[in-house]
Amino acid sequence: MRKIAIYGKGGIGKSTITSSLSAAISLMGFKVMQIGCDPKADSTIKLTNGRPVVPVMNYLKDHIEYPTLDDIVVPGFNGILCVEAGGPTPGIGCGGRGIITTFNVLEELNAFETYRPDFVFYDVLGDVVCGGFAMPIRQGYAEEVIIITSGEKMALFSARNIKAALDNFADRNYASLRGLILNRRNVPGEERTVRNFADEVGTTIIGDIPRDDHIGFYEELNKTVIEGDAELPVARIIMEIASQLLVEKEAEQ
């Protein structure tokens, strides 16, 4: 089972890319689980054609009885298992608490043993890498981290903070940085800026996704571009990134 956490600045396209990678890998014949680790609970909406997934935190708040897996896991596109952590009432409590609670619930329900996914993607709010938001890169949850960034200053600032968090855990055998995915915003000198950043922090760019109106078009339909039209050039780029992850998995077997 490959467990990969995807981080990045809020609004950088984490959920779009994570969902697209989930869709791509599922089409290659692998069972995928995607866990949304953002209080907005909108990570998996493009995998379920808009069908809401009851966030774990919402279920615990609204019900006396403990959830079953059927209560909090929704099958999405091509059988992808969709989970949303959710969070507290806005303005009250810690958003990271939803991640910690969700992980505990999934463990108590033996979710991974029951579903036996080949890939687990954690879609994590990347502006905060403390407390609960750092959980996916600690204690054996995720083995690898992918950072989504553009060439914009604040996106790279967030990426640097995430890398610093990984470096702080380096002696504890936690998750390691797999690489960067450049999600282009077409700012001047973007590729050069991100390549320089990758060299500086000692990693590589494992994917380069251009701006493409097809992504937004299919998002309006609550679909990934992979589901919408896997033959599009941008979809093929995402499939190639997914293939890199798949090759690594096969190499480990």
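The values are calculated or read from the model by the stated rules, or taken from the named source; none is laboratory data. Keep in mind that what you see is a predicted model, and the values were worked out from it rather than measured. Cβ: placed from backbone, ideal geometry, glycine included. Neighbour counts: every protein chain shown.
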(message) Can you pull out every residue in the stretch 36-92 that is closer than 15 Å to Ser26 by Cβ and polar (S, T, N, Q)?
(response) Thr44, Thr48, Asn49, Asn78
(request) Provide a single number: the residues in the stretch 162-205 that are among the hydroxyl-bearing types (Ser, Thr, Tyr) and assigned to a loop (DSSP other than H, G, I, E, B). (result) 3
(request) Please find, within the stretch 164-192, the residue that is nearest to Glu144 (Cα to Cα) out of those that are modelled with pLDDT of 85 or more and of a type in the set (D, E, K, R). (result) Arg178
(message) Quick check on my filter: what residues within the stretch 54-66 are surrounded by fewer than 22 Cβ atoms within 10 Å (Cβ to Cβ) and either assigned to a loop (DSSP other than H, G, I, E, B) or not hydroxyl-bearing (Ser, Thr, Tyr) (or both)?
(response) Val54, Asn58, Leu60, Lys61, Asp62, His63, Ile64, Glu65, Tyr66
(request) Hey, can you tell me all the residues within the stretch 141-161 that are modelled with pLDDT of 95 or more and assigned to a loop (DSSP other than H, G, I, E, B)? (result) Ser150, Gly151, Glu152
(message) So, in the stretch 8-53, exactly how many residues are part of a helix (DSSP H, G or I), more than 21 Å from Phe112 (Cα to Cα) and of a type in the set (A, V, I, L, M, F, W, C)?
(response) 1
(message) Exactly one of these conditions fails for Ala230: (1) in contact with a Phe, Trp or Tyr (Cβ under 8 Å, 6 or more places away or on another chain); (2) assigned to a loop (DSSP other than H, G, I, E, B). Give me its number.
(response) (1)
(message) Condition check: farther than 18 Å from Asn183 by Cβ and either in contact with an Asp or Glu (Cβ under 8 Å, 6 or more places away or on another chain) or acidic (Asp, Glu) (or both). Does Cys82 satisfy that?
(response) no
(message) With the requirement that a residue be under 15 Å from Leu182 (Cβ atoms) and surrounded by 24 or more Cβ atoms within 10 Å (Cβ to Cβ), what does the stretch 140-157 give you?
(response) Ile146, Ile147, Ile148, Thr149, Ser150, Ala155
(request) Quickly run through the stretch 170-202 and pick out the residues that are surrounded by 13 or more Cβ atoms within 10 Å (Cβ to Cβ), basic (Lys, Arg) and either within 28 Å of Glu143 (Cβ to Cβ) or in contact with a strand residue (DSSP E or B) (Cβ under 8 Å, 6 or more places away or on another chain) (or both). (result) Arg178, Arg184, Arg195
(message) I'd like the full set of residues that are surrounded by 23 or more Cβ atoms within 10 Å (Cβ to Cβ), part of a loop (DSSP other than H, G, I, E, B) and at pLDDT 90 or above, limited to the stretch 82-122.
(response) Ala85
(request) Look through the stretch 123-138, keep the residues that are among the charged types (D, E, K, R) and either surrounded by fewer than 21 Cβ atoms within 10 Å (Cβ to Cβ) or part of a loop (DSSP other than H, G, I, E, B) (or both), and return whichever of them is modelled with the lowest pLDDT. (result) Asp127
